[in-house]
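Bear in mind that the values in this text are calculations on the coordinates, not laboratory data. What you see is a predicted model; the values in this text were computed from it and never measured.
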Amino acid sequence: MIKLTIPSEPVPASRPRVTRRGFAFTAEPYRSYKKMANQVIKEQYSTEPLQGALHVQIKFYRSVQKSVSKVERRRRLLGVHRPTMKPDIDNLFKAVTDACTGIVWKDDNQIVSTKSDKFYSEEPRVEIYVEEL
C-alpha cells in the first residue's frame, strides 16, 4: 500500500469558467493547489505510475472554523461532529485524483474502488492511500 500526504488545507476541484468571449479558464485557488499538490506528490512518489486496477482511500482533514465555541471546537476535533458543509467530498476527491494522475497512476479510470472521509484537525492535510488490486 502506498501512503502519500499533502500538508495543506484541502481545496475542491472547480469547474472551468468561461468568459464572455468564450475562453475557458480554471479558478486560481484550484490551479495553485493542483500545482502544489503535484510537487508534493512527486517528492513522495518517484517510481513509475501504477498500471492496473486500484483502490484509493482519501482522508481529508480540514481546520475548524474560528467562529465556533470552545466546546464545539473540541467536539469537532474529537470526531463527534464531522464536516457536513461545503466543499463537497466528490469535488475534494476529484482535485486529489487530478493531482495524482500521471504521477501515481497513468489515468484515473484505473480507480475501481474508493473510500473518502472528511474530518476536522489542528493540522489540515490530505492523506492518500493507494492499493493495487
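Overview of values
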quantity	calculated
Over the range 1-73, volume per residue of the alpha carbon convex hull, in Å³	175
Computed [θ] at 222 nm, helices only, for the chain once each DSSP H run of length n ≥ 4 contributes -39500 (n - 2.57)	-9000 deg cm²/dmol
Cα convex hull of the chain, projected area averaged across orientations, nm²	9.6
DSSP bridge pairs, the chain: antiparallel proportion in percent, nearest 5	60
At least 15 Å along the helix axis (C-alpha) and Kyte average at least 0.5, DSSP helices within the chain	89-100
Rg to Rh quotient for the range 79-133, alpha carbon positions, Kirkwood Rh	0.99
